[in-house]
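Reviewing the structure listed below.
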Amino acid sequence: MTNVIPIAKPEVASRQIGGWVETEASKIILRSLELIRAMDPPALTMVAGAPGLGITKSLFRFKNTHKNVLIHVAVQGEGGVWNLANELYRLLDIEDPNGRRLPEERRRIAEAVGFESMLLIDEAQYLVQRNGRGRDDLQPWPSAASETRSRAIAAFRSARSRSEGDASMNAACAASS
């Protein structure tokens, strides 16, 4: 005769799949975002770190727990001024940009983001595109944001080792505090 012995299972709530796990890195990232949100006048900052640190999850966590937060996720091969402008116009629900008036369009975007909102750009390393004039296409964007008192953060990720990524992320977060 067979005897079935049930396996003892402790009464512990199972972790929700896809749920939030707060790590030391996520605490630093969220603290940096809170500091930027509280600054007056508004500021730009950067979070940099190796893949797998939870930068993207932290940015979306911040967006889900705060009002007036916009997120743009850059994609490799789609960087550059024109693609960024079009995506931001779509996010902000304003009419399409005019490529002949880029400085004015930058200001329109910054004004649409406004003082009370926050723009987060994930995978921002893909935004940098070299052009024939010898400088990065996105160089004028931070000045447009600062002229209109907009808040922004760019989250960069690199392929460096995890320990190097931790060090650069800590340095970036410390610089913003």
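With respect to (1) under 23 Å from LEU33 (Cβ atoms); (2) of a type outside the set (Val, Ile, Thr); (3) outside any loop (DSSP other than H, G, I, E, B), the lone exception for PRO51 is condition (3). What do you reckon, is GLU22 more than 18 Å from ILE121 (Cα to Cα) and at pLDDT 85 or above? Yes: the conditions hold for GLU22. For the range 55-86, filtering for residues that are buried (at least 20 other Cβ atoms within 10 Å of the Cβ), out of contact with any His (no Cβ under 9 Å at 6 or more places or on another chain) and not hydroxyl-bearing (Ser, Thr, Tyr) leaves 7. Restricting attention to the range 74-103, the residues that are touching a Phe, Trp or Tyr at 6+ places or on another chain (Cβ under 9 Å) and not in a loop (DSSP other than H, G, I, E, B) add up to 4. Sub-7 Å Cβ pairs linking a first residue in the range 60-71 that is farther than 17 Å from PHE115 by Cα to a second residue that is surrounded by fewer than 16 Cβ atoms within 10 Å (Cβ to Cβ) and of a type in the set (A, V, I, L, M, F, W, C), at least 6 apart or interchain, are ARG61/TRP20, ordered by first then second residue.
Counting just the residues of the range 17-43 that are farther than 15 Å from LYS63 by Cα and among the β-branched types (Val, Ile, Thr), which one comes out surrounded by the most Cβ atoms within 10 Å (Cβ to Cβ)? Filtering first and then ranking leaves ILE28.
For SER161, are the conditions met, namely being at pLDDT below 55 and under 18 Å from PRO41 (Cβ atoms)?
On the way: at pLDDT below 55: yes; under 18 Å from PRO41 (Cβ atoms): no.
So SER161 does not fit the description; no.
Is at least one residue of the range 104-123 in a helix (DSSP H, G or I), at pLDDT below 80 and surrounded by fewer than 19 Cβ atoms within 10 Å (Cβ to Cβ)? Scanning the range 104-123 turns up no residue that is in a helix (DSSP H, G or I), at pLDDT below 80 and surrounded by fewer than 19 Cβ atoms within 10 Å (Cβ to Cβ). Close contacts from the range 40-59, counting a first residue that is under 19 Å from GLY18 (Cβ atoms) and a second that is among the hydroxyl-bearing types (Ser, Thr, Tyr) and surrounded by 17 or more Cβ atoms within 10 Å (Cβ to Cβ), with Cβ to Cβ under 8 Å and a gap of 6+ residues or different chains, come to GLY54/SER26; LYS57/SER26; SER58/SER26. Given the conditions (1) buried (at least 19 other Cβ atoms within 10 Å of the Cβ); (2) at pLDDT 90 or above, and given that GLY49 satisfies all but one, which numbered condition is not satisfied? Every condition holds for GLY49 apart from (2).
The values are calculated or read from the model by the stated rules, or taken from the named source; none is laboratory data. What you are looking at is a predicted structure, and each value in this text was computed from that prediction instead of being measured. Reconstructed Cβ throughout: ideal geometry from the backbone, glycine too, with neighbour counts over all protein chains shown.
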